[in-house]
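Okay, structure first, notes after.
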Amino acid sequence: MDARTLNLYIIAVYKLLIFLLGIVGNLLFIHLIIKKKQLQSRTSILQCFQCFFHLFCQLGTIMTGVTDIGLMYNRRDCYNQIGFYVFFQAAQGYRGISNSKYIFITAFPILTFSIFTTVYGYTTTNEELIYSCSPPFAFSAEASVLYKYLFILLAVIIMIFYLVLIKTFYQRSQSNHQSSLKTVKRLQLTVFIFIFTWFISQILGLIIVETPVFSKWGGMILAHNVIFVCLSYCNTFYVTMWRSKEYRDQFYNVWWPKTMQITSVTAFHTSSTSQKSNHSDLMCHRRI
């Protein structure tokens, strides 16, 4: 087995591991929001749609580079196989109206862009042979560059949107709005994750499609760009559980309700005992 093939098998292994983590995480997030009405905000509902899209994107990642190691495709056959992946990859935009209006307003441009991208891919593909059956390579050479520039433009717009939100909530936090300060920290983490997963993957993807020839080792290193893409599809549930006590408590309440009840009773008993003790101390002090 040569170094290039070994490198592809290493990529396939962590693709499968991240795929399993992502499938579990995305399904758990969707299930949690459905079960707990108090968590059903505009943002969480749209995050559910995002998790749903990510399920298909994750399926696309293991169809390209796991089950087809060593195979070559022409662009047309490749696109016929992963056209659904292109659609769901393009349909990831979501952000912050009644919920129904909000979902319609955000879904319409997203689905329009996804349909356009998918149809554009079908009309520009050809019979050239390619070594990797993944979205940018399934397009023609010119179309794949345009595809990447378009995704980078959208990523920049999203980052600007985030920065405006961070500035707005930060200004509110200066007026002693504790909830605004928490929102700022949450948004900062979101921007950090967005930059170091999806945005970096698109920049590296553009370098790959813009550069016609790589050295052997350069190509092997850039092949690991896929890890950033895979991570961007699987982090929603785990980051939410890490950062939000409210979501953690509701998650435990869904899956381990008895444990939560015991914890609540213990906390109540401890609080009651403490209050009684303080009351007794106060009475003794008065008698003295």
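Laboratory data are not the source of any read-out in this text; all were calculated from the coordinates shown. Treat the numbers as computed from the prediction; the structure is a model and nothing was measured. Glycine also receives a Cβ, built like all others from the backbone with ideal geometry; neighbour counts cover every protein chain displayed.
Worth pointing out:
- Exceedance of the 26 Å cut-off in Cα-Cα distance is limited, within the set K148/K182; K15/K148; K35/K245; K15/K167; K36/K185, to K148/K182; K15/K167.
- Spacing of the modelled spin labels on V66 and I193, each 7 Å from Cα toward Cβ, amounts to 2.1 nm.
- Evaluated over the range 3-263, the Cα radius of gyration and Dmax, each in Å: 20.0, 64
- Sequence ranges 115-126, 18-29, ranked by mean other-Cβ count within 10 angstrom, highest first: 18-29, 115-126
- Integer Hz, Karplus 6.51/-1.76/1.60 couplings in order for the range 66-79, x for Gly and Pro: 10, 8, 10, 4, x, 8, 10, 10, 8, 4, 5, 5, 4, 5
- Put a dot 7 Å past the Cα of Q81, heading toward its Cβ, do the same for R248, and the two dots end up 4.3 nm apart.
- Efficiency of FRET between I157 and H31 - r from beta-carbon atoms, R0 22 angstrom, step 0.05: 0.10
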